[in-house]
1. How long is the gain from residue 59 to residue 232 if the chain were fully straight, where each residue apart is worth 0.36 nm and the alpha carbon distance is subtracted?
2. Tell me the accessible surface of residue 194 in square angstrom (1.4 angstrom probe, heavy atoms of protein chains only), to the nearest ten.
3. Does the stretch 79-185 come out rounded, prolate or oblate, given a ≥ b ≥ c as the square roots of the eigenvalues of its C-alpha gyration tensor, rounded meaning a/c under 1.5 and, failing that, prolate meaning a/b above b/c?
4. Assuming a ≥ b ≥ c are the square roots of the Cα gyration tensor eigenvalues, decide whether the stretch 95-154 counts as rounded (a/c under 1.5), prolate (otherwise, with a/b larger than b/c) or oblate.
5. Relative to the Cα centre, what is the charge dipole magnitude of the stretch 123-216, using +1 at the beta carbon of each Lys and Arg, -1 at the beta carbon of each Asp and Glu, and rounding to the nearest 20 debye?
6. Please identify the helices of the chain, taking whole runs of DSSP H, that span at least 27 Å along their own axis as judged from the Cα atoms and have a mean Kyte-Doolittle score of 0.0 or higher.
7. At a probe radius of 1.4 Å, what is the per-residue accessible area of residue 129, in Å² to the nearest 10?
8. Would you be so kind as to identify which of 243, 74, 179 lies farthest towards the positive end of the dipole of the chain, taking Lys and Arg as +1 and Asp and Glu as -1 on Cβ and the Cα centre as origin?
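The values are calculated or read from the model by the stated rules, or taken from the named source; none is laboratory data. None of the values given here were measured: they were computed from a predicted structure. Cβ: placed from backbone, ideal geometry, glycine included. Neighbour counts: every protein chain shown. With ligands, DNA and RNA removed, areas are computed over all heavy atoms of the protein, side chains included. Shrake-Rupley method; radii C 1.70, N 1.55, O 1.52, S 1.80 Å.
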Amino acid sequence: MAGANPVAKLAASTVLAVALVLTLDWVSATVALVLELAVLPFAGVPWHHLWRRTAAVWLGAPLTGLTILLYGRSSGTVYAEWALVRISDGSIELAIATVLRVLAIGLPAVVLFLTVDATELADGLAQIVRLPARFVLGALAGFRLLGLFAEDWRSLELARRARGVADRGRVRRFAGQAFALLVLAIRRGSTLATAMEARGFGAPGPRTWARASVLARGDLLLIAGAALVAAAALTAATLSGHWNFIAGA
């Protein structure tokens, strides 16, 4: 999966997300999560790197479930109640379903995009999805500048400290640096836009591309696999009677 076209990865994660968003139940989320974990070894990402990059999903899912557990819709037997907090059979079931659904949606999205190159994604969006080339190239250029923000922030911090204006007042210092970083980003963006316009990136007419982006057989299999996982999850929820359309949850 690591060598798949970025557009195929985007399509696969979208299919899974849309299918799992339709229903809020633990059966569909469990089926999807089990099938996703089964193909996780084929993601082409080292395990230590995988766990580190998906840590936010593993930590965020239980916290989301905790909120639903305490403040979710109440039904059935009530086990605890205090002020706005009410823990019942309904909130427990919704909390479990929410945790599983967050994992089933978040994990494949993170894993699939760990190996995505921004330039290849831009090529695919322009050539396969047929998005406007000017928009795609501008977004790509802006995305590449994001990596400079951390260096700019560090440089601003050292410069302000050298001038003796960053010794105290953390809130004031943060606000000042944030505004300075915003001004720097606007100036850099304007310079980049002028340079790109001078090089013909905004010219009308058809555009040529240095790298051709096409969907190969493996890319289609990835999308089909995601569709099968989504279909299996929704079928299991329907046949087990746990289908819970999100509008009625």
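1. Working it through step by step, the gained length comes to 59.6 nm.
2. My reading of the accessible area for residue 194 is about 90 Å².
3. oblate
4. Values: a/c = 2.92, a/b = 1.42, b/c = 2.06.
Oblate is the answer for the stretch 95-154, as a/c is 1.5 or above yet b/c matches or exceeds a/b.
5. Values: 16 positive and 6 negative charges, 69 e Å.
Its charge dipole is roughly 340 debye.
6. Passing helices, by number: 89-113, 170-198, 217-239.
7. Around 70 Å² of this residue is reachable by solvent.
8. In the chain, that residue is 179.
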